[in-house]
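Below you'll find the structure, written out as structure tokens, and then a few comments.
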Amino acid sequence: MRKVIEASKAVAIAVKLCRPKVCPMYPITPSTHIPEDISNFVSDGELDSELVLVESEHSAMSAVVGAAAAGARTFTATASQGLALMFEMLPIVSGMRLPAVMAVGNRALSAPINIWNDHSDSVSARDQGWVQLYVESSQEALDTVIQAYKIAEAKDVLLPVMVCLDGFSLTHVYEPVEIPEQKDVDRFLPAYKPKDFLDVENPKTFGPIGFPSEYMEFRMAQQGAMAAAAKEVSAVNREFGKAFGRKYGDGFLELYRMQDAEYAVACMGTIAGTAKVAVDEMRKKGIKAGLVRVRCLRPFPDVGLRKAVKGLKGLAVLDRHISLGYEGPLYTDIRSAVCGSVGMSNYIAGLGGRDVTLSHFEKAFTDISKGSFKGGWLL
């Protein structure tokens, strides 16, 4: 079935199709429509789930911990300061190996107060043990939520997943979306049957104290789970493609006109659409341009990136976040991965919802094609 809906509604429909049993929620702009639609599904009898209305985002993630530890498939959504308020709980969910799924309607962090899109909220949480997937379209938002549960619940993974979608420029944008049948989603994503969960008949301990003699082993186990997640991200993307006829690159990276590219830009989220137009325009001007859209920030696709940029003469990375006092975090990660194999520049763009325009991408392409790798702020 095909409908023209906003991305928030697409996420809510995907959640309904995945049949979570507990959904703790505390609405915050621009993710508010997601819990609103889920609430309607529950009240209308379309989704058999416990909607837990809490007093804060911290409480919402705390409720996710309890529900997931009890063996329930869970979901929540948040944005910006809400994600920041959850921060204490994020490593707890991951450290307890609870396969929760959360949608983040990406929004700038305060101050000053700003309700528009950049990636400062979720990218700031990249080191807390959550798989992070960044989507470009409403269709990808729906599909990625379904994929997220499959990845999170894999027996060798058991890690939480963030599905990150740009606030307003995607959450509130209406696009045609193909909605899969429930029976097909059930076939792709069976009911969650955890091996370890809180049970009075078979007591187990979750989140015990970790003394210095054991704590590193727990972190090593999480790192191993991230390595397993890397395999699952790719495998689930391929499996989803076979089941539903749609997939997104190799699950980690989506490449556009990179076969013979000499110069490329890398970015995440909705600005990739503008980047594709810029690539086409630069091609008309005789510059062999290409695009690397990073879909999975954690686990980071270092091997895939090295392969993607091999042979390039220049690469510009556009970050919608800045690690204050240094540079764009996506740039840091990519530069580390490619190990100096290509000339690179970093541009900070689109903070606080400022438009990232065709001219911004054209400037980046023009700079690197002339051998200038100074980068800078695109205002």
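The values are calculated or read from the model by the stated rules, or taken from the named source; none is laboratory data. If you're wondering where the values come from, they're calculated on a predicted model, not measured in any experiment. No Cβ is skipped: glycine too gets one built from the backbone with ideal geometry, and neighbour counts run over all protein chains shown.
Filter region 171-190 for residues that are assigned to a loop (DSSP other than H, G, I, E, B) and of a type in the set (D, E, K, R) and give the result. Please lay out each step first, then the result.
To start, the set of residues in region 171-190 that are assigned to a loop (DSSP other than H, G, I, E, B) comprises 171-173, 179-181, 189-190.
Hit for region 171-190 is Glu181, nothing else.
Give all pairs with beta carbons closer than 6 Å in which a residue from region 184-195 that is closer than 17 Å to Thr74 by Cβ meets a residue that is part of a loop (DSSP other than H, G, I, E, B) and among the basic types (Lys, Arg); count only pairs at least 6 apart in sequence or on separate chains.
Tyr192/Arg73
Would you say Ser59 is crowded, with 17+ Cβ neighbours inside 10 Å and closer than 23 Å to Gln147 by Cβ?
Considered against the rule, which asks whether it is crowded, with 17+ Cβ neighbours inside 10 Å and closer than 23 Å to Gln147 by Cβ, Ser59 comes out as no.
In region 337-357, how many are farther than 17 Å from Ile322 by Cβ, among the hydrophobic types (A, V, I, L, M, F, W, C) and either within 24 Å of the chain's Cα centre (by Cα) or not assigned by TED's automatic domain parsing to the domain that holds Glu327 (or both)?
2
Could you tell me whether Glu214 is of a type in the set (Asp, Glu) and over 16 Å from the mean Cα position of the chain (by Cα)?
Numbers: of a type in the set (Asp, Glu): yes; over 16 Å from the mean Cα position of the chain (by Cα): yes.
So Glu214 passes the test.
Starting from region 31-49, keep only residues that are at pLDDT 95 or above, then list their pairs with residues that are part of a loop (DSSP other than H, G, I, E, B) and among the aromatic types (Phe, Trp, Tyr) whose Cβ atoms are within a distance under 9 Å, requiring at least 6 positions of separation or different chains.
The qualifying pairs are Pro35/Tyr26.
If you scan region 265-289, which residues turn out to be charged (D, E, K, R) and under 25 Å from Asp118 (Cβ atoms)? If you could, list the steps in order and put the result at the bottom.
The initial filter retains those residues of region 265-289 that are charged (D, E, K, R), namely 276, 280-281, 283-285, 288.
Across region 265-289, the qualifying residues are Lys276, Glu281.
Given the residues Ala111, Ala103, Ala148, Ala141, which is the only one that is in the same structural domain as Thr74 (by TED's automatic domain parsing) and over 22 Å from Arg295 (Cα atoms)?
On the way: Ala103 fails: over 22 Å from Arg295 (Cα atoms); Ala148 fails: over 22 Å from Arg295 (Cα atoms); Ala141 fails: over 22 Å from Arg295 (Cα atoms).
Sole residue among the options that is in the same structural domain as Thr74 (by TED's automatic domain parsing) and over 22 Å from Arg295 (Cα atoms): Ala111.
Every residue in region 331-355 that is surrounded by fewer than 21 Cβ atoms within 10 Å (Cβ to Cβ), assigned to a helix (DSSP H, G or I) and of a type in the set (Ser, Thr, Tyr), please.
Passing the criteria: Thr332, Ser336.
Testing His321 on (1) assigned to a loop (DSSP other than H, G, I, E, B); (2) in contact with a Lys or Arg (Cβ under 7 Å, 6 or more places away or on another chain); (3) buried (at least 19 other Cβ atoms within 10 Å of the Cβ), one condition comes back false. Which one is that?
(2)
Can you tell me which residues in region 86-123 are of a type in the set (D, E, K, R), in a loop (DSSP other than H, G, I, E, B) and in contact (Cβ under 8 Å) with a residue 40 or more places away in the chain?
Quick first cut of region 86-123, residues of a type in the set (D, E, K, R) only: 88, 97, 107, 118, 121.
Right, trim to in a loop (DSSP other than H, G, I, E, B) and you get 88, 97, 107, 118.
Matches in region 86-123: Arg97, Arg107, Asp118.
In region 350-379, what residues are in contact with a strand residue (DSSP E or B) (Cβ under 7 Å, 6 or more places away or on another chain) and among the acidic types (Asp, Glu)?
Asp367
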